[in-house]
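The values are calculated or read from the model by the stated rules, or taken from the named source; none is laboratory data. If you're wondering where the values come from, they're calculated on a predicted model, not measured in any experiment. In this analysis, Cβ positions are derived from the backbone assuming ideal geometry, glycine residues included, and neighbour counts consider all displayed protein chains. Just the protein is used for accessible areas: all its heavy atoms, side chains included, with ligands, DNA and RNA removed. Shrake-Rupley method; radii C 1.70, N 1.55, O 1.52, S 1.80 Å.
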Amino acid sequence: VTTRERYVRAGRADLRLRMIREARVKGRVISEVDGSPVAAAKISVSTRYKAPHCKREKRSRGISDDQGYFLLKQLTKGEYQLLVQHEKFAFYAGEATISLETGAEVDLGTIELGKGVQVRGHVFEADGETPVPGANVSFLWKDKELRKVEPRDSTTDENGKFSIPALFAGEYEVK
């Protein structure tokens, strides 16, 4: 049985509570380069409700432990998309939909994060010669569906140089 019903007297009216067992998603995050665990990776699963008038997302978030393991709790029945992010690696967006039933626990197994590509550059004044120290450079996805991926940021040094590690291949807007 995945649900339990209890009756609670609340003042003049009866209140009926329906308790639903949560669904869970678990797995492990490792480095594609050497197979080592990736600690402190940000893991999230989310979906949009199917009703056209409701645009809220159902979501659960977590952080991988020192051995790369994670457990996302308090999920309800539905179809979810996985997103894994870490500042030293390219993000991972699961291609397959995760289907959860009430009370189920789904093990995603091992998720490998790749290095991605590093972008380096300079920021200059309009004259093209004077470096701009302390400028914030952000790479944002052009694809609106991927905008939920945290932007990659860097601040220029005293010579106007910046470096952003671990970008995933794709089209970005630079600010």
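Let's see how each residue does on (1) surrounded by 12 or more Cβ atoms within 10 Å (Cβ to Cβ); (2) touching a Ser or Thr at 6+ places or on another chain (Cβ under 6 Å); (3) more than 30 Å from MET19 (Cα to Cα):
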site	(1), (2), (3)
GLN67	yes, no, yes
THR76	yes, no, no
ALA90	yes, no, yes
GLY116	yes, no, yes
ARG120	no, yes, yes
GLU129	no, no, yes
LYS142	no, no, yes
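Regarding segment 120-136, can at least one residue be identified that is among the small types (Gly, Ala, Ser) and within 21 Å of ALA39 (Cβ to Cβ)?
no
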Mind telling me which of the residues GLU101, GLU95 ends up being loosely packed, with under 14 Cβ neighbours inside 10 Å and under 26 Å from ALA39 (Cα atoms)? GLU95
Single residue of segment 38-64 satisfying the filter (open to solvent by 70 Å² or more (accessible area, probe 1.4 Å) and closer than 22 Å to LYS115 by Cα) that is modelled with the highest pLDDT: ILE63
Here is a list of conditions, (1) over 25 Å from GLY116 (Cβ atoms); (2) of a type in the set (A, V, I, L, M); (3) modelled with pLDDT of 60 or more, and VAL25 meets all of them except one; can you say which number that is? (1)
